[in-house]
Amino acid sequence: MTGQTEAFVERRSVHLQRRAMCLFTSNQERRPKMNILENANAWKQRYEEKVIQPYRQSGEYNFSSYEYARNEESPAGNSISLNSAKLLLISSSGAYQPDKHEPFDAGNPLGDYSIRQIPTGVNLDEIHYAHEHYDHTYVNQDTGVLIPLQYLKNKFENRELGGLTSRWVSFMGYQPDAYRVAYETTPAVIEAARELHATAALLVPA
């Protein structure tokens, strides 16, 4: 798999998550329901036939026949006032707490679709990253490039942000199976947002 293809897979996964959070805020407003992944069953069938079955036969994950998920309808919702919003930070960096979490399965060519919830007050120097599809040089030097908690706390102190949820969400953004993104990762993120009483979300891609 080329670096360009890996990056595109990451962007598509993040796109679906962004769509999901737009739908989450729309649902809060009781707007008409939309699909996170349009024509999901048809996409899943093509993915199984063109990618998964050859992988099972050869043991190699070949992206030459991979078909990217595409949606025709764009979600939209009313704007919100950030100075009264309770914001959930979401990161696709693969961040986890080694003393509390199992690391993401970063080396799995099929991806990892689980999430981790991390306390907002955690010492970020204790965070590790399980993700093999981006260069960790800069986040190792400054966690704020992917986990901008201090920036958001400054916004709160300046009354530009209503507040932050008590935990933030991390997932490992290499997720080639769009069906699993839509039906595993996304519901888990939305459920976390509801449990934490978030009214807004910021998704920071790795």
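The values are calculated or read from the model by the stated rules, or taken from the named source; none is laboratory data. These figures come from a predicted structure and were not determined experimentally. All Cβ positions, glycine included, derive from the backbone under ideal geometry; neighbour counts span all protein chains shown.
A compact table of results
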{"read-out": "Residue list for segment 154-179, filter: over 30 Å from Val51 (Cα atoms) and among the polar types (S, T, N, Q)", "value": "Asn154, Asn158, Thr165, Ser166"}
{"read-out": "Residue list for segment 75-116, filter: in a strand (DSSP E or B), touching a helix residue (DSSP H, G or I) at 6+ places or on another chain (Cβ under 6 Å) and within 21 Å of Asp142 (Cα to Cα)", "value": "Leu88"}
{"read-out": "Pair list, Cβ under 7 Å, 6 or more apart: segment 137-159 residue loosely packed, with under 10 Cβ neighbours inside 10 Å, other residue hydrophobic (A, V, I, L, M, F, W, C)", "value": "none"}
{"read-out": "Qualifying residue in segment 179-193 (condition: aliphatic (A, V, I, L, M), assigned to a loop (DSSP other than H, G, I, E, B) and surrounded by 18 or more Cβ atoms within 10 Å (Cβ to Cβ))", "value": "no"}
{"read-out": "Residue selected from segment 61-74 under the condition of a type in the set (D, E, K, R) and out of contact with any helix residue (DSSP H, G or I) (no Cβ under 8 Å at 6 or more places or on another chain), by the criterion surrounded by the fewest Cβ atoms within 10 Å (Cβ to Cβ)", "value": "Glu72"}
{"read-out": "So Thr186, is it touching a residue at least 60 places away in the same chain (Cβ under 8 Å), more than 21 Å from Met34 (Cβ to Cβ) and not aliphatic (A, V, I, L, M)", "value": "no"}
{"read-out": "The listed residue being modelled with pLDDT of 90 or more and within 22 Å of Tyr183 (Cα to Cα), out of Ser84, Ser74, Ser58, Ser93", "value": "Ser93"}
{"read-out": "Candidate set: segment 112-136, residues that are exposed (fewer than 14 other Cβ atoms within 10 Å of the Cβ) and among the acidic types (Asp, Glu); chosen: the one nearest to Lys100 (Cα to Cα)", "value": "Glu126"}
{"read-out": "Single match in Gly77, Gly59, Gly144, Gly111 (criterion: within 18 Å of Thr185 (Cα to Cα) and out of contact with any strand residue (DSSP E or B) (no Cβ under 6 Å at 6 or more places or on another chain))", "value": "Gly111"}
{"read-out": "Of all residues making up segment 156-176, the number that are within 13 Å of the chain's Cα centre (by Cα) and assigned to a loop (DSSP other than H, G, I, E, B)", "value": "4"}
